[in-house]
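Here is the structure we will look at.
The values are calculated or read from the model by the stated rules, or taken from the named source; none is laboratory data. In this text, all values refer to a predicted model and were calculated from it rather than measured experimentally. All Cβ positions, glycine included, derive from the backbone under ideal geometry; neighbour counts span all protein chains shown.
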Amino acid sequence: DTGVSQNPRHKITKRGQNVTFRCDPISEHNRLYWYRQTLGQGPEFLTYFQNEAQLEKSRLLSDRFSAERPKGSFSTLEIQRTEQGDSAMYLCASSLASGFSPLHFGNGTRLTVT
Amino acid sequence: DQQVKQNSPSLSVQEGRISILNCDYTNSMFDYFLWYKKYPAEGPTFLISISSIKDKNEDGRFTVFLNKSAKHLSLHIVPSQPGDSAVYFCAARNRDDKIIFGKGTRLHILP
């Protein structure tokens, strides 16, 4: 069981730069979720996919954010023109779509925008 | 608009005693409730869940109680152990499979 894998673990970037994060879900899971967590808060929903279809995007996700899951396996989250307010832990999780299946999280990518 | 609320930011409990973590929710359409545990520098780990049609679910030292009329759930850990020191998140699933999290409660187990 390889679990959910996220890369990189840490990213430091300057304001205005673009960044891309990758998530590899548990192989048999067809649902993939992105969350963002800031200090003192719980994970906040950003977006999720079933296979390659993006089902919903949160209002938190501005036009600078885009997520893809092109072949229904791994996913990428890109942030364009980063701002200091984007500094957070970005968490990816996966689950099965049928019945009740809890989310299994990766260890996250910590983004620091300077 | 916080749909899942954990009103206690932190809780300290003596080792061996019972830890009780509380959670309130506002959306009566949630169909599952979950508890996650999080250590620093790691992602949240699933602990236990309960369907909205049940009022109790037990797994080893962990028991979750659901009171639908009060829109309240609690997680009981007994006996509490040092490794239980972590942040605990209450979460709930919408009908569209989105999972909404509370802000978390930091549990300290005292020796």
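Among (1) more than 11 Å from the chain's Cα centre (by Cα); (2) at pLDDT 90 or above; (3) under 16 Å from residue A:26 (Cα atoms); (4) not hydroxyl-bearing (Ser, Thr, Tyr), which single condition is residue A:80 missing?
In the conditions (1) more than 11 Å from the chain's Cα centre (by Cα); (2) at pLDDT 90 or above; (3) under 16 Å from residue A:26 (Cα atoms); (4) not hydroxyl-bearing (Ser, Thr, Tyr), residue A:80 misses (3) alone.
Identify all residues within region B:4-22 that are touching a Ser or Thr at 6+ places or on another chain (Cβ under 7 Å), within 11 Å of chain A (Cβ to nearest Cβ) and surrounded by 13 or more Cβ atoms within 10 Å (Cβ to Cβ); write none if there are none.
The one that is touching a Ser or Thr at 6+ places or on another chain (Cβ under 7 Å), within 11 Å of chain A (Cβ to nearest Cβ) and surrounded by 13 or more Cβ atoms within 10 Å (Cβ to Cβ): B:6.
Under 6 Å by Cβ, and 6 or more places apart or on different chains, what pairs join a residue from region B:92-107 that is more than 8 Å from chain A (Cβ to nearest Cβ) and surrounded by fewer than 21 Cβ atoms within 10 Å (Cβ to Cβ) with one that is in a strand (DSSP E or B) and modelled with pLDDT of 90 or more?
B:106/B:10; B:106/B:87
Of these, A:82, A:47, which one is among the β-branched types (Val, Ile, Thr) and in contact with an Asp or Glu (Cβ under 8 Å, 6 or more places away or on another chain)?
Going through A:82, A:47 in turn, the sole match is A:47.
Taking the options B:69, B:52, name whichever one is among the hydroxyl-bearing types (Ser, Thr, Tyr), over 26 Å from residue A:54 (Cβ atoms) and in contact with an Asp or Glu (Cβ under 7 Å, 6 or more places away or on another chain).
Exactly one residue qualifies, and that residue is B:52.
Of the numbered conditions (1) within 14 Å of another protein chain (Cβ to nearest Cβ); (2) surrounded by fewer than 17 Cβ atoms within 10 Å (Cβ to Cβ), residue B:56 fails exactly one; give the number of that condition.
(1)
Looking at the structure I just gave you, is residue B:41 hydrophobic (A, V, I, L, M, F, W, C), away from chain A (no Cβ under 11 Å) and surrounded by fewer than 16 Cβ atoms within 10 Å (Cβ to Cβ)?
Judged against the criteria, residue B:41 is not a match.
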